[in-house]
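Heads up: the structure comes next, in structure tokens.
Each value in this text was obtained by applying a stated rule to the coordinates, not by laboratory testing. Model, not experiment: these values are computed from the prediction. Cβ: placed from backbone, ideal geometry, glycine included. Neighbour counts: every protein chain shown.
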Amino acid sequence: MDAEKEELLDIKSCNLEEVTEYLVSMGEAKFRGKQIYEWMHQKRVCRWDEMTNLSAALRRKLEDTARLTVLTPVEVLISEIDGTRKYLFALQDGNVIESVFMRYKHGNSVCISSQVGCRMGCRFCASTLDGLGTELAPSEMLEQIYAIERHVGERISNVVVMGSGEPMDNYENLLKFIELLTDDNGIHISQRNLTVSTCGIVPKINELAEKKLQMTLAISLHASSDEKRKELMPVANAYSIEQLIEACRNYFQKTGRRITFEYSLVQGVNDTMEDAQRLSNLLLGLNCHVNLIPVNPIKERTYQQSTTRSITEFKNRLEKNRINVTIRREMGRDINGACGQLRKSYIEHKEGL
């Protein structure tokens, strides 16, 4: 991308007030701001010339000064098992990101990425193998949803920020994305239909709690002791489990929203009855839900999925201790379903590896 293009206003990352101020600064009438905002976020147009109630002169002015971020898929994989769709999108800077579309009884759900790659280093995740590339702008997070809606011709009702990247490591852009996603004048998805996942950056969890949003916070926990968590997740070297759980209690106290804990079961690493009991003790008295995830093996690691028996016994122990728990239904296993797998294989193929 050349320097001139980089200086264009990322207008799809602007809220209604900012779009309106931009139009007024160009000498346009105030109402033009809402017109353009609705074209972008309600009608989801891809080109300035599709904004038919604007003059040709204004459309040319917008093209010269603003960037209308639009994503188009470079690869789409469709699961023959459950119809899950895995999308690979190319960004304007040449990077690629991935998103997942899933159909459930309660509505269509999209899992989006918040960064190109990730620097958190979780040992079982393909997203982090090449480190962090760039942080996604709010427009690039939104466009993953809009592009998938255009492709499938169906409405998205639930959004999960659980793809590549650590959302709390892109905190300001995440907040702006949430503002735009839930805006009455735009796509207007309820905060209650939004889940944001984090590996546990404690200061940002506490900061987010002060916003008193009504979304679901999902914590990638994956271990019940600091020792095991450090083995799996480098972030545990910065924040102990005790600090993380305290931040979760604070989040619930400030928002009233039940916490979800993601726990990937790795054979022989974190799936014993001792692990289950320790996890139960850790979560005692906290309004939460545990989502057990049979880990998706990746070729760069030796981790294997726990046996069906181990998973069931782990679940039963938690239930016996009155912990609310489910085993996550595996989606898209036949299409590189785990975070980062499709992007990784695409880059390797492109580089001839």
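Computed from the C-beta positions of Ile78 and Ser157 and an R0 of 25 Å, the FRET efficiency is 0.80 to the nearest 0.05.
Gaussian network model of the chain, Cα springs within a sub-10 Å range: biggest mean-square fluctuation belongs to which of Leu194, Leu132, Leu23? Among Leu194, Leu132, Leu23, the largest mean-square fluctuation in the Gaussian network model of the chain belongs to Leu23. Of the GluC sites (Glu not before Pro) found in the range 44-137, those that fall in a DSSP loop while having at most 13 other beta-carbon atoms within 10 Å are Glu80. Taking a ≥ b ≥ c as the square roots of the Cα gyration tensor eigenvalues, with a/c under 1.5 meaning rounded and otherwise prolate when a/b beats b/c, else oblate, which class fits the range 60-204? Judged from the Cα gyration tensor, the range 60-204 comes out rounded (a/c under 1.5). Cβ-to-Cβ counts within 10 Å put Cys248, Cys288 in ascending order as Cys288, Cys248, the fewest first. Neighbour counts of other Cβ atoms within 10 Å put Arg59, Arg328 in the fewest-to-most order Arg328, Arg59. Only helices enter the 222 nm calculation for the chain: every DSSP H run of n ≥ 4 contributes -39,500 (n - 2.57), and dividing by all residues gives -10500 deg cm²/dmol, rounded to 500. If the chain linking Arg328 and Ala29 were pulled fully straight, counting 0.36 nm for each residue of separation and taking away their Cα-Cα distance, it would gain 102.6 nm. The local environment of Pro234, defined by Cβ-Cβ distances under 10 Å, has a net charge of +3 under the rule Lys, Arg +1 and Asp, Glu -1. Phi angles across the range 150-165 convert, under the Karplus curve 6.51 cos²θ - 1.76 cosθ + 1.60 with θ = phi - 60°, into 3J(HN,Hα) values of 5, 6, 8, x, 10, 7, 8, 10, 9, 10, 10, 8, 9, x, 5, x Hz, Gly and Pro given as x.
Maximal additional length on extending the Arg119-Arg150 stretch stands at 8.0 nm, based on 0.36 nm per residue less the C-alpha distance. Annotation for Glu7 and Leu175: the two label points, set 7 Å from Cα along the Cα-Cβ direction, are 2.9 nm apart. One chain, two ends: Glu231 and Gln214. Fully extended at 0.36 nm per residue, the span grows by 2.9 nm beyond their Cα-Cα distance. Close amide H partners of Ser220, meaning residues 5 or more places away or on another chain with modelled amide H under 5 Å apart, are Thr198, Cys199, Gly200, Glu262.
In the chain, the longest principal axis of the Cα atoms and the axis of helix 31-41 are about 40 degrees apart.
Helix 16-25 axis versus longest C-alpha principal axis of the chain: approximately 30°, rounded to the nearest ten. First check a/c for the range 3-67, with a ≥ b ≥ c the square roots of the eigenvalues of its C-alpha gyration tensor; if it is under 1.5, answer rounded, and if not, answer prolate when a/b is larger than b/c or oblate otherwise. It is rounded, given that a/c, with a ≥ b ≥ c, falls under 1.5.
In sequence order, the range 279-286 has phi-based couplings of 5, 4, 4, 5, 9, 3, x, 9 Hz under the Karplus curve 6.51 cos²θ - 1.76 cosθ + 1.60, θ = phi - 60°, and Gly or Pro positions carry x.
This model, with +1 at the C-beta of Lys and Arg and -1 at the C-beta of Asp and Glu, gives the chain a dipole about its Cα centre of some 1280 debye. Pull up all non-local amide H partners of Val96: gap of 5 or more, or a different chain, and H-to-H distance under 5 Å with H placed in the peptide plane. Those lying under 5 Å, H to H, from Val96 are Leu91.
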